[in-house]
Amino acid sequence: MKIVTPKQMCRLEEQSEKLGVSKRQLMKNAGRKLAELIDSYCRNEAKLIPEECSVVFLAGTGNNGGDCYAAADILLYKGYKLTIIHIGGLPKTPLAQEMLSILPRERITFIEGFRSGNVEAAIEAAELDYMTIQPRSAETSDDSREHNPLDDLLIAEKKRMGLIKGAVVGAQVIVDGVFGTGFHGELDKDTMGIFGIGSGAYRIAVDIPSGGDSASGSISAGIFKADETMTFGFIKTGMSQFPLKKYCGRITVADIGIPQEALKILGGERQYHRIERNFLAFYPPKRERDAHKGEFGKVLVIAGSSSMRGAAAFATLGALRSGAGLVRLASVEKCIDTASVLTPEATFIELDSDDYGYMLYDSSREPLAEAMDKADAIVIGCGMGVTPDTVELTKYVTSTAKCPVIIDADGINCIVQDIDILTKKNSDIIITPHMGEMARLLRCDVPMIADKRFIVAERYAAQYGITVVLKGAGTIVADSNRVAVNHTGNAGMSVGGSGDILAGIIGAAVAQDCGVFDGVCAGVYMHGLAGDAAAARLGMEAMLPRDIISSLPEAFSLLKEKKNNMTV
């Protein structure tokens, strides 16, 4: 599924107009789709007839407000009770103004959800909080004394707030059309107050929940929390990332008539998509009846140490369970002793170790050179430790390997020790950092990574000509030209060892001649799909990384089943 940045979406709308589909028509189409969603919810889920259903639109000053007006125009003639609360002021864009002008004002309740300059000054002078004014206090004024202008302003404000609260509390559906994809920064206190009014209504966000950054996925305090978000044309990049994703609720993508030809304008730009089952038509490769193990890739895993034996075993098992024909583990003796029990299907290369159980460099070169020549993909780093020898080992592998190299965990930490490792690569390099490891690579704090995940992955991939797998909820895969976002996986996978399994799965996918970028995407997707299968069977609290491995057969079955049913 294609996704776009907010800037790309703006260019698509401009190009649509050049191709004969005006922005006015796009807004009318968006309003129609929004109206259909609201009507469907009220009739089919809430089991209400229109005359029993109150819909409140929170309309901003831009084109998101215009989408609300266009939807209201349709719902009005179906019999719905409509209230429009203007947030921040009256519409400012010509299109939104036009859509508002069409509405019959006598049949819709309009409420000002913003304060005039005089009211602002009065409330500030009286030191009153906007949202703490009680509706009933507007009716308890003392008629026995003469009010001064300040009293009149405050009483009017209390009445207005009473109307807003009454409308929101009594609604069956609340529609957030305050801010669109151009929002950045923080919501103002007044808007947060309205969003925070308690209500049992179904909450729908127009295009994106107001308070969310549609590019990065960061959020403002007080963001609108939607049960469902109807986004127009394409999912925006930020909606694939947390924390914004959890405020979107269910995401519905509405076709608003952007011509397919308009997409050509993005042809020379970085392309974005969400990894879906139909994207994986090439994976897993078909197995003919006369196939043999040499046809499904040979994976070399260089991992583990005396104190981190499980990491090597997990990476090896991940590769074996993902269809690799041959998997070899190169590690120290104690690690191999453990891994050989857990993964007897693999073969092993025993490497010398230092006094602490970590691999030595000099004596490892010769046995590794022979194994690397036979490999179709190499996984290095899981549980390997960071020592002068493992740093040199990582440098040696990346500078001499003739096949793709997946660098994970301590392999990434070895790069931190000597960043020139990436500049001397001899083949395709894939790094798989979580945010902490990425922060170490960039020598910055983790929050800086969290707020700029797309930018970080894209720029690092482009700078070094590598593929970056930035792990986490909504894992991002980026190379120099493309970005893919994963949506499988769950919080039950947040346990040490899950990443080692992912490295092995990616190694197997790449080794099976799926291509580097596509193979990485397949590995990331299958890792998450297996995690979802494990969580469904065991629950997120009880599942362990080993359950991800044992769920890979189920994940492959799900993948094939969905492909056969032609569903995404």
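The values are calculated or read from the model by the stated rules, or taken from the named source; none is laboratory data. Predicted model only: the values in this text are computed from it and were never measured. Here the Cβ is made from the backbone with ideal geometry for all residues, glycine too, and neighbour counts use every protein chain on show.
A search for C-beta distances below 8 Å between a residue of region 51-76 that is assigned by TED's automatic domain parsing to the domain that holds Ser22 and over 17 Å from Phe110 (Cβ atoms) and any residue that is surrounded by fewer than 24 Cβ atoms within 10 Å (Cβ to Cβ) and of a type in the set (Phe, Trp, Tyr), counting only pairs 6+ apart in sequence or on different chains, returns nothing.
Within the set Val495, Val510, the sole residue that is surrounded by fewer than 18 Cβ atoms within 10 Å (Cβ to Cβ), touching a Pro at 6+ places or on another chain (Cβ under 8 Å) and hydrophobic (A, V, I, L, M, F, W, C) turns out to be Val495.
Counting residues in region 345-365 that are crowded, with 17+ Cβ neighbours inside 10 Å, under 30 Å from Leu529 (Cα atoms) and not hydroxyl-bearing (Ser, Thr, Tyr) gives one or more. Scanning region 325-340 for residues that are touching a strand residue (DSSP E or B) at 6+ places or on another chain (Cβ under 9 Å) and of a type in the set (Asp, Glu) yields a count of 1.
Under the condition of being part of a strand (DSSP E or B) and not hydrophobic (A, V, I, L, M, F, W, C), which residue from region 325-344 is surrounded by the most Cβ atoms within 10 Å (Cβ to Cβ)? By that ranking, first place goes to Ser331. Per the listing Gly523, Gly489, the residue uniquely closer than 26 Å to Arg309 by Cα and not in a loop (DSSP other than H, G, I, E, B) is Gly523. Number of residues in region 526-552 that are part of a helix (DSSP H, G or I), under 17 Å from Thr316 (Cα atoms) and not basic (Lys, Arg): the value is 9. Among the helices (runs of 4 or more DSSP H) confined wholly to region 370-484, which include 1 or more residues that are charged (D, E, K, R) and under 30 Å from Tyr356 (Cβ atoms)? Ranges flagged: 388-400, 410-417, 435-442.
Restricted to region 388-413, and to residues there that are of a type in the set (Asp, Glu) and touching an Asp or Glu at 6+ places or on another chain (Cβ under 8 Å), the residue that is farthest from Arg365 (Cα to Cα) is Asp408. Here Val446 meets the list (1) surrounded by 21 or more Cβ atoms within 10 Å (Cβ to Cβ); (2) of a type outside the set (Asp, Glu); (3) closer than 15 Å to Phe242 by Cα almost entirely, failing just condition (1).
Against the numbered list (1) touching a residue at least 60 places away in the same chain (Cβ under 8 Å); (2) surrounded by 17 or more Cβ atoms within 10 Å (Cβ to Cβ), Phe282 comes up short only at (2). Total residues in region 166-182 satisfying the condition of being touching a strand residue (DSSP E or B) at 6+ places or on another chain (Cβ under 7 Å) and closer than 22 Å to Gly66 by Cβ: the figure is 10. All conditions but one from (1) of a type in the set (Val, Ile, Thr); (2) touching a strand residue (DSSP E or B) at 6+ places or on another chain (Cβ under 7 Å); (3) farther than 20 Å from Ser216 by Cα apply to Val469; the one that does not is (3). Please tell me if Gly531 is at pLDDT 95 or above, crowded, with 24+ Cβ neighbours inside 10 Å and closer than 25 Å to Pro243 by Cβ. In short, yes. Report whether or not Gly249 is within 24 Å of Lys47 (Cβ to Cβ) and within 15 Å of the chain's Cα centre (by Cα). Yes; evaluated as a whole, the condition is true for this residue. Answer yes or no as to whether Glu17 is in a helix (DSSP H, G or I), farther than 21 Å from Ala205 by Cβ and of a type in the set (Asp, Glu). In short, yes. Against the test of being at pLDDT 85 or above, among the small types (Gly, Ala, Ser), touching a helix residue (DSSP H, G or I) at 6+ places or on another chain (Cβ under 9 Å) and on the phi < 0 side of the Ramachandran plot, the options Ala121, Ala138, Ala96, Ala125 yield a single qualifying residue, Ala96.
For region 79-99, the tally of residues that are of a type in the set (D, E, K, R) and surrounded by 19 or more Cβ atoms within 10 Å (Cβ to Cβ) stands at 1. Looking only at region 358-387, residues that are touching an Asp or Glu at 6+ places or on another chain (Cβ under 9 Å) and of a type in the set (Gly, Ala, Ser) come to 5 in all. Test Glu276 against the criterion of being surrounded by fewer than 13 Cβ atoms within 10 Å (Cβ to Cβ), over 12 Å from the mean Cα position of the chain (by Cα) and not aromatic (Phe, Trp, Tyr), and give yes or no. So Glu276 does not fit the description; no.
Under the condition of being under 36 Å from the mean Cα position of the chain (by Cα) and basic (Lys, Arg), the residues counted in region 322-337 number 1. Only one of the numbered conditions (1) more than 14 Å from Leu75 (Cβ to Cβ); (2) assigned to a helix (DSSP H, G or I); (3) not β-branched (Val, Ile, Thr) is not met by Gly31, and that is (1).
Scanning region 286-323 for residues that are within 19 Å of Gly523 (Cβ to Cβ), outside any helix (DSSP H, G or I) and among the small types (Gly, Ala, Ser) gives Gly297, Ala303, Ser322, Gly323. Filter region 23-42 for residues that are among the polar types (S, T, N, Q) and surrounded by 14 or more Cβ atoms within 10 Å (Cβ to Cβ); which is nearest to Thr252 (Cα to Cα)? Of everything passing the filter in region 23-42, Asn29 is nearest to Thr252 (Cα to Cα). Say we look at region 43-62 and pick out the residues that are under 17 Å from Phe224 (Cβ atoms) and not small (Gly, Ala, Ser); which of these is surrounded by the fewest Cβ atoms within 10 Å (Cβ to Cβ)? That would be Thr61.
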